[in-house]
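Please read the structure below before turning to the comments.
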Amino acid sequence: MKALRNSTSLFLLIMFLIGFQISSGWAQEMKVSNDEINILDLFIARPLGIIAAAGGTCLFIASLPFTLPTKSTGDVFNMFVVEPWKFSFVRDFPDENIY
C-alpha cells in the first residue's frame, strides 16, 4: 500500500510539473498568418460578392411585383444589391472582421 501511495504521489508531482511547464505556453497569444485569409478574400470572397450582386440584381427585379405594393422596395434593394456591392468594393483590404 505504501508503494502505491509513493508511486501515486510521484506520478502526481511529475504531472504537476509537466502541466506547469505547458500551461505557460497557452497564456501567450498565437499570431496566425493572415496571408492565406487575405488571398482567399481577394480571389474568392470578393468575386463571389460580385456574382451575388449580379444575382441579387436579378432577384430584385423579379421581386418588384411583390415589393412595390408593400412599399418595401428600398429595403429589398439594399439587401439584394447594395450590400453585396459594398462587400465586394467598399470593404477595406485586408478586412480584419471577416475571420
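Yes/no per residue for (1) among the polar types (S, T, N, Q); (2) modelled with pLDDT under 95:
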| position | (1), (2) |
| --- | --- |
| 12 | no, yes |
| 16 | no, yes |
| 19 | no, yes |
| 24 | yes, yes |
| 27 | no, yes |
| 30 | no, yes |
| 45 | no, yes |
| 50 | no, yes |
| 58 | no, no |
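Pick out the one residue from 61, 37 that is touching a residue at least 60 places away in the same chain (Cβ under 8 Å), out of contact with any Ser or Thr (no Cβ under 9 Å at 6 or more places or on another chain), surrounded by 11 or more Cβ atoms within 10 Å (Cβ to Cβ) and assigned to a helix (DSSP H, G or I). Answer to the selection: 37.
Hey, can you tell me all the residues within region 83-99 that are part of a helix (DSSP H, G or I) and surrounded by 15 or more Cβ atoms within 10 Å (Cβ to Cβ)?
Those that are part of a helix (DSSP H, G or I) and surrounded by 15 or more Cβ atoms within 10 Å (Cβ to Cβ): 83, 84, 85, 87, 88.
The values are calculated or read from the model by the stated rules, or taken from the named source; none is laboratory data. It should be emphasised that the depicted structure is a prediction, and the values quoted were computed from it without experimental measurement. For neighbour counting, all protein chains shown are included, and Cβ atoms are generated from backbone atoms with ideal geometry for every residue, glycine included.
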